[in-house]
Structure formats: C-alpha cells, structure tokens
Amino acid sequence: MTVASNRLSKGTRAKMLRNLLALRQISQRTVSTASRRQVANTVPEKQKLFQEDNGMPVHLKGGLASGLLYRTPMALMVFGTCYAVYELFVAAMPKTVK
C-alpha cells in the first residue's frame, strides 16, 4: 500500500468507490438510452435538384448559400488582386522631393 492510501480509512475508500461506480452507471445510462431525433431523408430531393438540366453550374444549384459561398471569395480575390497591382504601381513610382 502507498502512503496516500494508508491515510484514507476503509470506509472512505469504499464510499469513493461506490460514488465512482454510480457515476459510471449514470453516464452509461444517459448515453445509451438517449432518444435520437429522426431526420427526414432529403437525398432524393437533392438529387433531383442537382441533376436538373437548367443551364446553371452545379456549384450554384444549392440556392442562395451556394451563390454566396461562390461569389464572396471571388469578389475578395478580385479586390485583393486590384489592391496588389495598385500597391505595386505605387512602389514603382519614384518619390518626388520638394
């Protein structure tokens, strides 16, 4: 036995063990008996939407969110490219001394 276990009485150790086992039972019970939410299967509807021939690119057929996810990075890229060209132009110009 170690020094720390000698300090605890048998009753205290037994009580701690009971508490530990009870906690283990409670945690297993709540995980295993938790009710699962039923989710409707929307895959066939999504397949029809994305396979429809309406002239739109497939990455934009998801609706407004797809459009935003496509156009926002595109706009940031165009802005960043223009800003980089501007900064290169400013850096290339000699500074005039007055």
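No value in this document is a laboratory result; all are computed from the given coordinates. Since we're looking at a predicted model, the values are computed, not measured. Cβ atoms come from the backbone with ideal geometry, glycine included; neighbour counts cover every protein chain shown.
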Handout entry: Dipole of the chain [Lys/Arg +1, Asp/Glu -1 at C-beta], most positive-end residue of Ala92, Ala65, Gln38
Key = Gln38
Problem - Cα-based helix-to-principal-axis angle, 64-92 vs the chain, degrees rounded to 10 - result: 60
Handout entry: Gaussian network model of the chain, springs between alpha carbon atoms under 10 Å - residue of Asn41, Asn54, Asn19 with greatest fluctuation
Key = Asn19
Practice task
Could you tell me which of Leu8, Leu20, Met74 has its Cα farthest along the dipole of the chain towards the positive end, charges placed at Cβ (Lys, Arg +1; Asp, Glu -1), taken about the Cα centre?
Solution key: Leu8
Problem - the chain, helix-only ellipticity at 222 nm - DSSP H runs n ≥ 4, -39,500 (n - 2.57), divided by all residues, nearest 500 - result: -22500 deg cm²/dmol
Exercise for the section: Using a 10 angstrom cutoff on alpha carbons, build the Gaussian network for the chain and name the most mobile of Arg13, Arg37, Arg71. Expected result: Arg13
